[in-house]
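Here is the structure we will look at, set down as structure tokens.
Quick note: the coordinates plus some simple rules give every number you see, no bench work behind them. Everything numeric in this text was worked out from a predicted model, so none of it was measured. So basically every Cβ, Gly included, is an ideal-geometry build from the backbone, and we count neighbours across all protein chains shown.
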Amino acid sequence: MLAAVTVAAPARLPVILDTDIGTDIDDAFALALVLASPELDLRGVTTVSDDAYGRVQEADDAAQPAEPPMEERILFGPESARQWSAAESTLEASTDRIRMQRPTLRWHITVNHLAGEARYPIGWPRVSCALREAATRDWSGWDFLQLWVYTDTTRAGLPQEPVGLALHTPDKEGAYNRPLAGLKKGEWVRVLVPLTEVPRHHDVRLMQLHVSESNYRHLDQLDFHLDNITLLRHAQPTLLGFAAENAVLFADATQVPVRFNLAGVKPGERVEVVCELRQGGKTVVHTAVTAARGPQRVALELGRARLEPGDFEVVARAAGGPEAATARLRLVESPWQGKEK
């Protein structure tokens with residue numbers, strides 16, 4: 001059931017924090033307190049004293065939100081090297097590049113424009129690993145596929161699409177393909193795939209990484225080090241992709257629809273999600289629903305609330321969740337408002 005009520009809430013006080021962060025712990029502690037305060041709205045941080053650039057970096061690092069608590073299930077570790085099949089390339093456990101005090105999977109390719117398949121001499125080096133057990137194929141209770149990739153190469157840099165990722169399902173329509181465009185030479189890069197993008201993530205049969213040799217020069221040397229190939233899920237109820245269905249509405253609208261993906265809830269369970277429409281820090285409409293994991297659409301019924309044109313904020317929180325999600329909304333004057341029907 002949806003309910004619409006009017007509730008007053010205290011406005012948050014906008015503040016700018018002036019600091020010489022980086023010398024002692026007091027400024028970092030003050031910044032943490034401001035960020036955690038429900039009464040304060042941090043609009044900016046200024047730095048003084050010497051090494052201003054370094055202090056800006058300190059402030060920026062301290063202000064970054066903490067990684068939410070996650071649960072993980074390892075899919076492929078270094079011990080899985082023999083389970084992978086490789087074509088026009090090799091894969092083995094290696095200690096050449098260590099990220100977390102353990103071996104990684106080293107995928108080596110010597111680009112050869114002359115030695116591919118007979119019909120396609122400029123080929124597609126690839127490695128793949130089958131998910132043979134039914135329990136490992138069902139990813140429906142998870143939120144992300146994660147892997148870390150470190151790239152070594154004789155090239156000065158990488159092409160726009162250095163590697164492709166494919167997830168195979170029993171039918172071609174359910175397969176997932178994605179270029180890993182964010183890889184960088186000489187750096188560990190985290191790849192995070194939202195499983196809502198994978199059509200049949202409840203039945204994934206095979207994971208594959210591939211390279212198009214047409215993107216490289218003949219005899220280029222490539223080493224992709226793979227680490228921590230895991231499934232992740234939020235340990236607490238979390239709203240992902242929260243947004244108003246329409247960023248602008250007429251002021252005489254009867255409801256405000258919002259959409260989000262509810263993560264961190266186990267299959268079959270439901271949690272309460274509270275949505276509020278606020279203006280100037282005051283709650284003007286409040287709606288509570290119960291929802292299961294996955295995509296959701298909730299409508300805040302405006303009922304008899306008479307709202308004037310202006311800027312609003314839509315705020316939602318899942319029971320037991322770490323923090324609220326917010327979205328902006330603007331109400332504009334309706335050409336029909338106030339007219340006789």
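Summary of values
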quantity: Surrounding net charge for residue 211, when Lys and Arg each add one and Asp and Glu each subtract one, Cβ distance under 12 Å; calculated: -4
quantity: Inter-label distance, nm, simple model (7 Å from Cα along the C-beta direction), residue 136/residue 70; calculated: 2.0
quantity: P(r), alpha carbons of the range 178-296 - 10 Å bins starting at zero, rounded %; calculated: 9, 29, 25, 19, 13, 5, 1
quantity: Nearest 10 degrees, 0 to 90: helix 52-63 Cα axis against the chain principal axis; calculated: 80
quantity: Computed over the chain: relative contact order in percent, which uses C-alpha pairs under 8 Å that are six or more apart; calculated: 19
quantity: Using θ = phi - 60° and Karplus 6.51 cos²θ - 1.76 cosθ + 1.60, couplings along the range 229-243 (whole Hz; Gly, Pro as x); calculated: 7, 9, 9, 10, 8, 5, 7, 10, x, 9, 9, 10, x, 5, 7
quantity: Between the range 142-165 and the range 82-118, the Cα center-to-center distance that results, in Å; calculated: 13
quantity: Straight-distance crosslink candidates among aspartates and glutamates, where the alpha carbon sits under 16 Å from residue 266 and sequence neighbours closer than 8 are dropped; calculated: 71, 72, 138, 143
quantity: Cβ charges +1 (Lys, Arg) and -1 (Asp, Glu), total dipole of the chain, debye; calculated: 1340
